Amino acid sequence: MTDPAVNPMTTSSSRIDFNTPALQRKRRLRALKDRLTKWYVLVGGLAVLATITLIFFYLAYVVLPLFSGAELTEREAQTPAWLQHAGKPLLLAIEEQNQIGLRISDQAEAVFFTLASGAELKRVSLPIPAGAAMVSLQQGLPGSGLLVAGLSDGRALVFRHSYKVSYPDDKKTITPEIEYPYGEAPYLLDEKARPLEHVNVSAADGQLLLAASTGSELHLLQLSESENMMTGEIERVQQRIALPQLAEPIKALYIDVQSNWLFVLNGRSHMDVFNLRKRTLNGRYELAQDASTEVTASSQLLGGISLLIGDSRGGIAQWFMARDADDEQRLKHIRDFQLGAAAITQIAPEERRKGFLALNASGELGVFHSTAHRTLLIEPVAKGSDIFALSPRANRVLVEEGNQLLPFRLENEHPEISWSSLWSKVWYESYPEPMHIWQSTAATVDFEPKMSLAPLTFGTLKAAFYAMLLAAPLAIAAAIYTAYFMAPGMRRKVKPVIELMEALPTVILGFFAGLFLAPYVEAHLPGIFSLLLLTPLGILLAGFLWTRLPERLRQRVPDGSEAAILLPVVLLIGWFALGMSPLLESWFFGGNMRMWISNDLGIHFDQRNALIVGLAMGFAVIPNIYSIAEDAVFSVPRSLTLGSLALGATAWQTLTRVVILTASPGIFSALMIGMGRAVGETMIVLMATGNTPIMDANLFEGMRTLAANVAVEMPESEVGGSHYRVLFLSALVLLTFTFVMNTLAEIIRQRLRGKYASL
């Protein structure tokens, strides 16, 4: 017999050898797999971090040029021979292609010259009547090319400089010309034949309006064109407009784009505004802040709505007509700019943007943008010069100083963007007050870009708020019940079904919300609100009745399966609420709840509104929050639950004081991930809202989010343009917001984990 004290496993004949070649190979292979997995996870994680970092820096690389200033590069000065005896300059201009310049002098001669060398190309003598001289010259609205010359005999000559492009022998040729669209004969404005010291012209809707002044006296002449149906000839009818006369000498005249207003700058710093429709004085306005300041230069901004007023202290103010509290149009002081301390001598507006350049008596040139309220450049260019030209593309500047022409190259790509225009209220032309507005494109170049990201950011947070308002309570409550109370068999069926909801494409949800849910909710508003009110009450009532049932009936339902009983209850409440909707609407809201909301409550109602977004996007966010929160609650050690119950706590006390606290880091992470999903959602908010970029917390108003705006407008934007880069800035704002939210969420999660880890 074998001695029982001897363990056969310890004998040398039955000992297991763990150092065989096969086991050694297996251990080496396992170690290799561990190292490969370690490096794979490490490299993959670093690659993800590097990718996110590169995305951030690429977005910043595209966005940074928006906030760069202007740059002025001087080129070689020119001293053309023809300039020696050319007379006093009244106008200096550059054509579209930056190849030809124009100079008009008080000798009534227009000289076209090459911009590259200053050589004379063509000289045109204006058809001035014998014995008359050119006294004044004024350009019409910026970009129109229309000019009017005031003569010494009380007449005014209207002409235009144009440049025709041809390709003889496949070579591009630009031919400059002086055109007379209203005839070569000057128009008589002052019947006393006095010199016209100041003139202006406006052409709109087949009418030509000429304005002139002699001393403090105004002269207005309106020309209406009509075509003879029989002969096809153009007939012009002249009509004089009488306005109240002024007491002080006139300095400048301006007519708005629609010929509604005549702005008369007179005295030291006064502006009289006349209503040309009513032919009355609208008001007299003081332009200077103190009596020692005098207006020294003025101009109209692109579009003819705004006036730029330069003074003797280097200040430049923007004014335009806007409605005041009593709904009357008044001249409003909008914003100010500063160019050194010397008097402003000339202001030149851009022809395609709301920017302008100004020159002061010290020879400093300033580059500004009105809407962005931005000073982009101040640089000395010449001393003793009071005239310069800006090209239509705003990339060339030509300064005349003595007998020299000083050409400059101007780089100013994105003047219309500033932090204030993106995030602060801006007073746009003709608006009654400063506002947040997003309107990136329009039909004409006169458009003032409105690129405020504030309404888009507000819309993003609004959509996320209403989505989370629906999704967070439902998802968290469902996760807690599923993980803590529900029977295991039922949990294995319910959880996959809810998680399967996440597989639904958001474009399908958006399509469903926009085409079906939005009109259905509009037609059943009383039923929808009744459903939101009756559902929790019905569930509480069902629970109360359940506790009053005989115990033998309640014991037939397995523990944790009671939730199945609520399904018919919820369906019954939904059927009742929606079925009663027409009756409720008829009883309480006069048969139309939408009209009652709009008319009686004064709340604007859009069919595709925040309520629809909340329902649709909340449905899309619920699976994310539910899945993570349910795993967090279910992962709470069973020993903690049993220990709490063993100490006498009820199931509800155990849930609220042990389980939820322990799972709080995971629940918080679920909420943050759901919030991130709601903020970045695109297709649902694109299809289920009106895409109106407004700042209104109204539940029945639509919105436009940053993500939806990028999706809508990126295909239409010009690559490298301001609009294009602002859309990239929108993406950068989204990325930064997500990064900040995730960072804060991780910090809070770590603190919660450290606080409740001892449970």
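Scanning the range 517-564 for residues that are assigned to a loop (DSSP other than H, G, I, E, B) and either more than 23 Å from ILE597 (Cβ to Cβ) or touching a strand residue (DSSP E or B) at 6+ places or on another chain (Cβ under 7 Å) (or both) turns up ARG548, LEU549, PRO550, GLN555, ARG556, VAL557, PRO558, ASP559, GLY560, SER561, GLU562. Taken across the range 596-603, residues that are within 13 Å of ILE528 (Cβ to Cβ) and part of a loop (DSSP other than H, G, I, E, B) do not occur at all.
Here is a yes/no grid of residues against (1) exposed (fewer than 13 other Cβ atoms within 10 Å of the Cβ); (2) hydrophobic (A, V, I, L, M, F, W, C):
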position: GLY459; (1), (2): no, no
position: PHE465; (1), (2): no, yes
position: VAL497; (1), (2): yes, yes
position: PHE529; (1), (2): no, yes
position: LEU537; (1), (2): yes, yes
position: LEU540; (1), (2): yes, yes
position: GLY543; (1), (2): no, no
position: GLU551; (1), (2): yes, no
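Do we find a residue being without any contact (Cβ under 8 Å) to a residue 24 or more places away in the chain and small (Gly, Ala, Ser) anywhere in the range 84-104? Within the range 84-104 (the criterion being without any contact (Cβ under 8 Å) to a residue 24 or more places away in the chain and small (Gly, Ala, Ser)), the answer is yes, since at least one residue qualifies.
Here's the yes/no breakdown for (1) of a type in the set (Phe, Trp, Tyr); (2) touching a strand residue (DSSP E or B) at 6+ places or on another chain (Cβ under 8 Å); (3) surrounded by fewer than 15 Cβ atoms within 10 Å (Cβ to Cβ); (4) within 30 Å of GLU416 (Cα to Cα):
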residue: ALA697; (1), (2), (3), (4): no, no, yes, yes
residue: LEU706; (1), (2), (3), (4): no, no, no, yes
residue: GLY720; (1), (2), (3), (4): no, no, yes, yes
residue: LEU729; (1), (2), (3), (4): no, no, no, yes
residue: LEU732; (1), (2), (3), (4): no, no, no, yes
residue: PHE739; (1), (2), (3), (4): yes, no, yes, yes
residue: THR743; (1), (2), (3), (4): no, no, yes, no
residue: LEU752; (1), (2), (3), (4): no, no, no, no
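Every test in (1) assigned to a strand (DSSP E or B); (2) surrounded by 14 or more Cβ atoms within 10 Å (Cβ to Cβ) is passed by GLY87 save one, and that test is (1).
Set side by side, the residues ILE667, ILE625, ILE603, ILE660 differ, and just one is within 21 Å of PHE465 (Cβ to Cβ), modelled with pLDDT of 85 or more and surrounded by fewer than 21 Cβ atoms within 10 Å (Cβ to Cβ), which is ILE603.
Annotation: TYR163 fulfils all but one of (1) among the hydroxyl-bearing types (Ser, Thr, Tyr); (2) more than 20 Å from ARG103 (Cα to Cα); (3) not in a loop (DSSP other than H, G, I, E, B); the unmet one is (2).
The set of residues from the range 314-346 being assigned to a loop (DSSP other than H, G, I, E, B) and either under 28 Å from the mean Cα position of the chain (by Cα) or within 21 Å of LEU376 (Cβ to Cβ) (or both) comprises GLY314, ASP324, ALA325, ASP327, LEU339, GLY340, ALA341, ALA342. Taken over the range 123-157, the criterion of being in a loop (DSSP other than H, G, I, E, B), hydroxyl-bearing (Ser, Thr, Tyr) and under 47 Å from the mean Cα position of the chain (by Cα) is satisfied by SER144 alone. Only a single criterion out of (1) of a type in the set (A, V, I, L, M); (2) at pLDDT below 90; (3) surrounded by 14 or more Cβ atoms within 10 Å (Cβ to Cβ); (4) more than 29 Å from GLU294 (Cα to Cα) is not satisfied by LEU221, namely (2). Assessment of the range 242-249 against the conditions (closer than 22 Å to GLU294 by Cα and touching a residue at least 60 places away in the same chain (Cβ under 8 Å)) yields no matching residue. The set of residues in the range 167-223 being free of Cβ contacts under 8 Å to residues at least 60 places away in the same chain, touching a His at 6+ places or on another chain (Cβ under 6 Å) and hydrophobic (A, V, I, L, M, F, W, C) consists of LEU189 alone. Annotation note: of ARG268, ARG277, the sole residue that is surrounded by 13 or more Cβ atoms within 10 Å (Cβ to Cβ), at negative phi and among the charged types (D, E, K, R) is ARG268. Taking PHE263 as the residue in question, decide whether it is surrounded by 19 or more Cβ atoms within 10 Å (Cβ to Cβ), among the aromatic types (Phe, Trp, Tyr) and within 19 Å of LEU137 (Cα to Cα). The answer is yes for PHE263. The one condition from (1) surrounded by 20 or more Cβ atoms within 10 Å (Cβ to Cβ); (2) in contact with a Phe, Trp or Tyr (Cβ under 6 Å, 6 or more places away or on another chain) that HIS161 does not meet is (2). Listed conditions (1) under 16 Å from GLU179 (Cα atoms); (2) free of Cβ contacts under 8 Å to residues at least 24 places away in the same chain; (3) surrounded by fewer than 16 Cβ atoms within 10 Å (Cβ to Cβ) are all met by ALA130, apart from (1). Taking the conditions exactly as written (hydrophobic (A, V, I, L, M, F, W, C) and either under 15 Å from ALA483 (Cα atoms) or surrounded by 19 or more Cβ atoms within 10 Å (Cβ to Cβ) (or both)), does MET595 satisfy them or not? No; evaluated as a whole, the condition is false for this residue. Taking the conditions (1) more than 41 Å from the chain's Cα centre (by Cα); (2) at pLDDT below 90; (3) surrounded by 18 or more Cβ atoms within 10 Å (Cβ to Cβ); (4) not in a loop (DSSP other than H, G, I, E, B) in turn, GLU585 satisfies each one other than (1).
Taking the range 165-209, which residues are in contact with a Phe, Trp or Tyr (Cβ under 9 Å, 6 or more places away or on another chain), within 21 Å of LEU253 (Cα to Cα) and among the hydrophobic types (A, V, I, L, M, F, W, C)? Result: ALA203, LEU208. Screening GLU235, GLU225, GLU248 for residues that are within 45 Å of the chain's Cα centre (by Cα) and within 24 Å of PRO129 (Cβ to Cβ) leaves exactly one candidate, GLU225. When the range 385-422 is filtered for residues that are farther than 17 Å from TRP82 by Cβ, of a type in the set (A, V, I, L, M) and outside any loop (DSSP other than H, G, I, E, B), the ones remaining, listed by number, are LEU390, VAL397, VAL399, LEU410, LEU422. Scanning the range 191-218 for residues that are among the charged types (D, E, K, R) and either exposed (fewer than 13 other Cβ atoms within 10 Å of the Cβ) or over 23 Å from GLY283 (Cβ atoms) (or both) yields GLU191, LYS192, ARG194, GLU197, ASP205.
Residues that are loosely packed, with under 15 Cβ neighbours inside 10 Å, at pLDDT below 80 and small (Gly, Ala, Ser) within the range 553-581 comprise just one, SER561.
The values are calculated or read from the model by the stated rules, or taken from the named source; none is laboratory data. The structure presented is a predicted model; accordingly, all values stated were derived computationally and were not measured. When we count neighbours, we look across all protein chains shown, and the Cβ atoms used for this are built from the backbone with ideal geometry, even at glycine.
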